[in-house]
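To start, the structure under review is shown below, and the notes come after it.
The values are calculated or read from the model by the stated rules, or taken from the named source; none is laboratory data. Keep in mind that what you see is a predicted model, and the values were worked out from it rather than measured. Cβ atoms come from the backbone with ideal geometry, glycine included; neighbour counts cover every protein chain shown. Just the protein is used for accessible areas: all its heavy atoms, side chains included, with ligands, DNA and RNA removed. Shrake-Rupley method; radii C 1.70, N 1.55, O 1.52, S 1.80 Å.
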Amino acid sequence: MTTQTQAQFFSSLKKYYTFYTGGFILFVIALAILEQMGLPNRWIGYIFLFATIALYAGIGIMSKTADVAEYYVAGRRVPAFFNGMATGADWMSAASFIGMAGTLYAAGYDGLAFVMGWTGGYCLVALFLAPYLRKFGQFTIPDFLGARYGGNLPRTIGVIAAVVCSFTYVIAQIYGVGLITSRFTGMEFAYGVFAGLAGILVCSFLGGMRAVTWTQVAQYIILIIAYMIPVVWLSVQQTGNPIPQIAYGQQLQKVGDLEKKLNADPKELEVRGIFKEKQNAAEAQIKELDTDAAAFYAAAQAKAEAKLAELKAAPTPDAKAIEGAEKALKEFPADAVALKTKLKKDADGAKARAAPVKAHAEPFAGKDEAESNKKRKNFLALVLCLMVGTAALPHILMRYYTTPNVRDARQSVFWSLFFIFLLYFTAPALAVLVKFDVYSHLVGSSFADLPKWVSAWAAVDKSLMSITDINKDGIVQLAEIVIGTDLVVLATPEIAGLPYVISGLVAAGGLAAALSTADGLLLTIANALSHDVYYKMIDPHAPTTRRLAVSKGLLLVVAIVAAYVTSLKPGDILFLVGAAFSLAASAFFPALVAGIFWKRANQLGAVLGMVAGLGVCAYYMYITYPFFGVLAPKWWDIEPIAAGIFGIPLGFAGVIIGSLISPAPSKEVQDLVDHVRYPNLEGDIQTQAA
């Protein structure tokens, strides 16, 4: 593409997306008018859901392609500005849009690890990877590993790692889709997952990276508008200042005053005392279980059965109590290990609610120096894992294959950071403004006058929203409230008393964030399997039509499997995303960086590094994350989300040791390193291009 043609293309894109933004704003205004005229809330939810999915489908249909370069890398003609916006949407997953402000709400200062890690990671992308991978000029990350280290073994391990990381990440996105659709349309969670799946597939299935790129630009516009409106409204409502990033400082001080007041409230202390008793009871049961697991499990199951029988035999049976006892018996853990996991979860939950209110602005707050050190250690470990993981995620690195040249790849990293910054700079303000609203309005209110949003969200998932009168005084205490981290952003419009159309807009923004990332992830998985496994290893002479058919078939299979796994609710959004970063950091970063900057790195080193890094990281998550039911002691108290702290150094050690104990790579490979290392020299490697 010539410079003049590229300038015309850029000008056309600006015009199209300006009209699109104006049209979307008019659409929201029209829905607001219809709401005032009596349009039911559920219909607003359905209109937002299906209108946005139809919009993305339209872009997907218009971007339909059978060209290999267009399908895999959008024809390498995406301008830096729009590639930055698409990368921002690809990056701004359900974790960023839904989970990050919620984590800052719950964890306060400690939650800044996500902001620091995710933004800092783009510095690593710009310095160490993006321009060099663009100079390499192929389609996938396993492509680079196969060419740089030689043979199919590094490529195969790269494919496995890409699938593991991307699959873990995509589960979080589909979970976010199910959460949004079930709340705003009234669908069951499982049905919401598969309804959202249609929106994910319609773009990537038809036009690959070309369709995904232009859809992601549209999705970014929706998600940033949706994120900003409620927080600006809350800021004006609470402070009179429409710039929340500036205004929230004074609210943070008020939150600190409320925290001190709540910590001295006798009613709060009473509720915390009840939870302390629950914690002690659960911990005592765990000790009994450890003493004689079989006997304790049998006794606990018999007790649940006896309780149900007693309720049924009562002179005036309580239907609600019987239903609850039947549900408890049906969901009773399958074995002693599962029972211990449940008791541990109950003990940890009670312990958290028995603790004093944590100061939002205090770093690494703990009851003693040991607990503070533990939090500090996990904070730093998580920042490292998120930074390095950012620089190693295949679906993000693939975006820099789509620019016209190396210079645009560098510029698009800058634009990516800018568009991500807009949301990340706002998330801490949103967390503080919502916390002030909850502390000053919800806490201390009557159970008889709870706002409608509380019961609406409780109906979706009790772990997201639950308020129970623990001390039976009819007044809401903070310790009686459970607000899930995945709820805060989606409920903000209702908390602020905004019209329901804004709730629908936020849901559309969350859906855009989840769909945009899921599109990129599913495409990464399908492309790795179809291009690197099928085309590069099984059938190198396959025609274009068959290659694309294989990719689309794999895309469909992976999406359905991911939706099924998501329906099992394997973890909260933020953990799943963090786990993907740790896995990517451990598997890819050492091999990629060494492959670019160290000529001596060879196949054995890459294989050892990737296997050791990925294996140790995955193993640690398996033995410490509650979902798997193992619950082994943590190494140096590191949480499973930061398991990459063990995998990254092992990955580098594997690359170094393996490379030094085996012969140096060939001169051709070392020439490839020289070619990639000087990104200002124009021209891509075409000899291995598909």
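Name the pairs whose Cβ atoms lie under 8 Å apart, with the first residue in segment 130-142 and polar (S, T, N, Q), the second open to solvent by 10 Å² or more (accessible area, probe 1.4 Å), and 6 or more positions between them or separate chains?
GLN138/ALA147; GLN138/ILE685; GLN138/GLN688; GLN138/ALA689; GLN138/ALA690
Suppose the filter is part of a helix (DSSP H, G or I) and of a type in the set (Ser, Thr, Tyr); does SER440 pass it?
yes
Please work out which one of (1) more than 21 Å from THR517 (Cβ to Cβ); (2) in a loop (DSSP other than H, G, I, E, B) is the condition THR403 fails and give its number.
That leaves (1) as the condition not met.
Whether any residue in segment 488-511 is surrounded by fewer than 15 Cβ atoms within 10 Å (Cβ to Cβ) and hydrophobic (A, V, I, L, M, F, W, C) is what I want to check.
No: segment 488-511 contains no residue that is surrounded by fewer than 15 Cβ atoms within 10 Å (Cβ to Cβ) and hydrophobic (A, V, I, L, M, F, W, C).
I need the full set of residues from segment 1-41 which are without any contact (Cβ under 8 Å) to a residue 60 or more places away in the chain, over 32 Å from the mean Cα position of the chain (by Cα) and not in a helix (DSSP H, G or I), in order please.
Answer for segment 1-41, where residues must be without any contact (Cβ under 8 Å) to a residue 60 or more places away in the chain, over 32 Å from the mean Cα position of the chain (by Cα) and not in a helix (DSSP H, G or I): THR2, MET37, GLY38, LEU39.
Quick check on TYR534: is it open to solvent by 10 Å² or more (accessible area, probe 1.4 Å) and either in contact with an Asp or Glu (Cβ under 6 Å, 6 or more places away or on another chain) or within 30 Å of GLN238 (Cβ to Cβ) (or both)?
Against the criterion (open to solvent by 10 Å² or more (accessible area, probe 1.4 Å) and either in contact with an Asp or Glu (Cβ under 6 Å, 6 or more places away or on another chain) or within 30 Å of GLN238 (Cβ to Cβ) (or both)), TYR534 does not qualify.
Return the residue satisfying two criteria in turn: it lies in segment 49-68 and is open to solvent by 50 Å² or more (accessible area, probe 1.4 Å) and assigned to a loop (DSSP other than H, G, I, E, B), and of such residues it is nearest to LEU34 (Cα to Cα).
Let us first name the residues in segment 49-68 that are open to solvent by 50 Å² or more (accessible area, probe 1.4 Å), namely 50, 54-55, 61-62, 64, 66-67.
Cutting the leftovers down to assigned to a loop (DSSP other than H, G, I, E, B) gives us 64, 66-67.
On the way: LYS64: 35, ALA66: 42, ASP67: 43 Å.
Ranking the qualifying residues of segment 49-68, first place goes to LYS64.
What are the residue pairs meeting all of these: first residue in segment 443-468, first residue assigned to a loop (DSSP other than H, G, I, E, B), second residue at pLDDT below 85 and buried (at least 17 other Cβ atoms within 10 Å of the Cβ), Cβ atoms under 7 Å, and 6 or more apart or on different chains?
SER463/GLY484; LEU464/TRP457; LEU464/GLY484; LEU464/ASP486; LEU464/LEU487
Look through segment 207-237, keep the residues that are open to solvent by 40 Å² or more (accessible area, probe 1.4 Å) and more than 19 Å from GLY510 (Cβ to Cβ), and return whichever of them is modelled with the lowest pLDDT.
That would be ARG210.
Could you grab the pairs with beta carbons closer than 8 Å, sequence gap of 6+ or different chains, first residue in segment 339-365 and hydroxyl-bearing (Ser, Thr, Tyr), second one open to solvent by less than 50 Å² (accessible area, probe 1.4 Å)?
THR341/PRO333; THR341/GLY629
Assess whether ALA198 counts as being open to solvent by less than 10 Å² (accessible area, probe 1.4 Å), more than 19 Å from the chain's Cα centre (by Cα) and at pLDDT below 80.
Values: open to solvent by less than 10 Å² (accessible area, probe 1.4 Å): no; more than 19 Å from the chain's Cα centre (by Cα): yes; at pLDDT below 80: yes.
No: the conditions fail for ALA198.
Looking at segment 593-608, I want the residues that are charged (D, E, K, R) and have a partner that is open to solvent by less than 10 Å² (accessible area, probe 1.4 Å) with Cβ atoms under 6 Å, at least 6 apart or on another chain. Which pairs are those?
Pairs found: LYS599/VAL673; ARG600/SER659.
Could you please give the count of residues in segment 91-116 that are surrounded by 23 or more Cβ atoms within 10 Å (Cβ to Cβ), within 14 Å of the chain's Cα centre (by Cα) and either of a type outside the set (A, V, I, L, M, F, W, C) or not in a loop (DSSP other than H, G, I, E, B) (or both)?
Residues meeting the conditions: 13.
Listed here are the residues, each with its yes/no results for (1) in contact with a strand residue (DSSP E or B) (Cβ under 7 Å, 6 or more places away or on another chain); (2) within 14 Å of GLY102 (Cα to Cα); (3) open to solvent by 50 Å² or more (accessible area, probe 1.4 Å).
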position	(1), (2), (3)
PHE425	no, no, yes
LEU433	no, yes, no
SER446	yes, no, no
PRO451	no, no, no
SER466	yes, no, no
ASP469	no, no, no
ILE475	yes, no, yes
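Considering segment 329-372 alone, what residues qualify as being part of a helix (DSSP H, G or I), open to solvent by 60 Å² or more (accessible area, probe 1.4 Å) and more than 26 Å from ALA264 (Cα to Cα)?
Residues satisfying the conditions are LYS330, VAL337, LYS340, LYS342, LYS344, LYS345.
Every residue in segment 453-464 that is out of contact with any strand residue (DSSP E or B) (no Cβ under 9 Å at 6 or more places or on another chain) and open to solvent by less than 30 Å² (accessible area, probe 1.4 Å), please.
Across segment 453-464, the qualifying residue is only ASP461.
Of the residues VAL506, VAL432, VAL460, VAL489, which is within 30 Å of ALA579 (Cβ to Cβ), touching a helix residue (DSSP H, G or I) at 6+ places or on another chain (Cβ under 8 Å) and modelled with pLDDT of 90 or more? Talk me through it step by step, then tell me what you get.
Details: VAL506 fails: modelled with pLDDT of 90 or more; VAL460 fails: modelled with pLDDT of 90 or more; VAL489 fails: modelled with pLDDT of 90 or more.
Residue meeting the stated conditions: VAL432.
What pairs come up if the first residue lies in segment 299-323 and is under 28 Å from GLU288 (Cα atoms) and open to solvent by 70 Å² or more (accessible area, probe 1.4 Å), the second is part of a helix (DSSP H, G or I) and hydroxyl-bearing (Ser, Thr, Tyr), and their beta carbons are under 9 Å apart, counting only those six or more places apart or on different chains?
none
Give the residue, chosen from TYR122, TYR71, TYR46, that is in a helix (DSSP H, G or I) and farther than 30 Å from MET228 by Cα.
Only one candidate passes the filter, namely TYR71.
Would you check if there is a residue in segment 387-397 being closer than 20 Å to LEU487 by Cα, within 22 Å of the chain's Cα centre (by Cα) and in a helix (DSSP H, G or I)?
There is no residue in segment 387-397 that is closer than 20 Å to LEU487 by Cα, within 22 Å of the chain's Cα centre (by Cα) and in a helix (DSSP H, G or I).
Which is at pLDDT 90 or above and of a type in the set (Gly, Ala, Ser), of GLY571, GLY629, GLY578, GLY658?
Values: GLY571 fails: at pLDDT 90 or above; GLY629 fails: at pLDDT 90 or above; GLY578 fails: at pLDDT 90 or above.
Just one listed residue meets the conditions, GLY658.
Do you know which of the residues in segment 554-609 that are part of a helix (DSSP H, G or I) and among the aromatic types (Phe, Trp, Tyr) is surrounded by the most Cβ atoms within 10 Å (Cβ to Cβ)?
Only one residue tops the list, namely PHE581.
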